[in-house]
Amino acid sequence: MITQSTTPTNHHKIVQLRATLAEVLGETLRRGFYGRASVELQVQDGTIQDIRRRIERIER
């Protein structure tokens, strides 16, 4: 049985999502970073369409 999480498109996007999350964590979880980070998914009918990352820095 094929589920949405095992489709080739979702598999590729999940790999991409993991890499994006690792990059965001690497950028933000360090001394001197103040701000907000988010990773957002857009999903349609169980298929990941877009991955957005947002990093907002607070100047101190």
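The values are calculated or read from the model by the stated rules, or taken from the named source; none is laboratory data. Source: prediction; values computed, not measured. Using ideal geometry, Cβ is built from the backbone for each residue, glycine included, and neighbour counts are taken over all protein chains shown. Areas reflect the complete protein model, heavy atoms only, side chains present, ligands, DNA and RNA absent. Shrake-Rupley method; radii C 1.70, N 1.55, O 1.52, S 1.80 Å.
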Exercise for review: Kindly list, by first and then second residue, each pair from a residue in the range 24-44 that is touching a residue at least 40 places away in the same chain (Cβ under 8 Å) and closer than 14 Å to Arg54 by Cα to a residue that is of a type in the set (A, V, I, L, M, F, W, C) and surrounded by 10 or more Cβ atoms within 10 Å (Cβ to Cβ), limited to pairs with Cβ atoms under 7 Å and residues at least 6 apart or on different chains.
Suggested key: none
Study note, to complete from the structure: Flagged in the range 19-60 as under 27 Å from Pro8 (Cβ atoms) and assigned to a helix (DSSP H, G or I), in numbering order, are Ala19, Thr20, Leu21, Ala22, Glu23, Val24, Leu25
Review point. Which residues, taken from the range 26-39, are open to solvent by 80 Å² or more (accessible area, probe 1.4 Å) and of a type outside the set (Lys, Arg)?
Key: Leu29, Tyr34
Practice item. Within the range 51-60, track down each residue that is within 16 Å of Ala19 (Cβ to Cβ), surrounded by 12 or more Cβ atoms within 10 Å (Cβ to Cβ) and either over 11 Å from the mean Cα position of the chain (by Cα) or without any contact (Cβ under 8 Å) to a residue 24 or more places away in the chain (or both). Key: Ile55
Review point. Would you call Ile48 open to solvent by 80 Å² or more (accessible area, probe 1.4 Å), β-branched (Val, Ile, Thr) and touching a residue at least 24 places away in the same chain (Cβ under 8 Å)?
Key: no
